[in-house]
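The values are calculated or read from the model by the stated rules, or taken from the named source; none is laboratory data. Computed from a prediction, not measured in an experiment: that's the story for all the values here. Positions of Cβ are backbone-derived with ideal geometry, glycine not excepted, and every protein chain shown enters the neighbour counts.
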Amino acid sequence: MMSELADWLSNTPVRDFSASLLSSIPGLPPVLQTVHLLSIAAIMASIVMIDLRVLGLAVPSQDIGEMIARLSPWTVWGIVGAASSGIWFILARPNRYFSNPVFQIKFALLALAIILTFAFYRLGRNQASIWSGTGGRFSLARAYAFVSLSLWLGVAMAGRWIAYSEYLFWPE
């Protein structure tokens, strides 16, 4: 399915436009990569702080619901920034990315991480009492935080390894 999508994208004007844009505007690729990395930093900083707070490992004096309200815009805008800067590289060379197993791993982890993050944020806004006490719901919140950290770290690591996947999957 991924190869069909890559083949289809390779034969569209969108691919030609993206490739032309990246190759004809001096400095655009490093600018987009910088935006991508800064967006990832915003995502990771906001999510890691919330997850560490839920796990009881950071800023115990902060109310978790307030922290989510304050930091969730950083997460949302970070995701928007990362998507809007990264899409150009994917569109310019869809076969390179969609045939890359590390890219596929990154996007599987990313999809799970985004769904889990927005579900957690929504739950935190609608049911603020989940953060108080030591009951099963609070244990569930801590399990979420551990899974969330693992997923987002996996996304970041896989994203970094996309360019080096040939070392992992050396052609025979």
From the list Ser84, Ser24, Ser61, exactly one residue is surrounded by fewer than 15 Cβ atoms within 10 Å (Cβ to Cβ), at pLDDT 95 or above and either hydroxyl-bearing (Ser, Thr, Tyr) or closer than 18 Å to Tyr121 by Cβ (or both). Which is it?
Ser84
So the check is Cβ under 6 Å with 6+ separation or different chains; which pairs have a first residue in the range 104-125 that's on the phi > 0 side of the Ramachandran plot and a second one that's in a helix (DSSP H, G or I) and small (Gly, Ala, Ser)?
none
Selection count where residues are closer than 25 Å to Trp77 by Cα and either part of a loop (DSSP other than H, G, I, E, B) or acidic (Asp, Glu) (or both), scope the range 26-36:
1
Where a residue in the range 74-103 is closer than 15 Å to Arg160 by Cα and its partner, wherever it lies, is of a type in the set (A, V, I, L, M, F, W, C) and not in a helix (DSSP H, G or I), with Cβ under 9 Å and at least six apart
Asn100/Phe169; Pro101/Phe169; Val102/Phe169
Exclusive hit being in contact with a Ser or Thr (Cβ under 7 Å, 6 or more places away or on another chain), assigned to a helix (DSSP H, G or I) and more than 30 Å from Ala145 (Cα to Cα), set Ser46, Ser3, Ser18, Ser39
Ser3
Verdict on Ile68 being closer than 29 Å to Leu9 by Cα, in a helix (DSSP H, G or I) and touching a residue at least 40 places away in the same chain (Cβ under 8 Å):
no
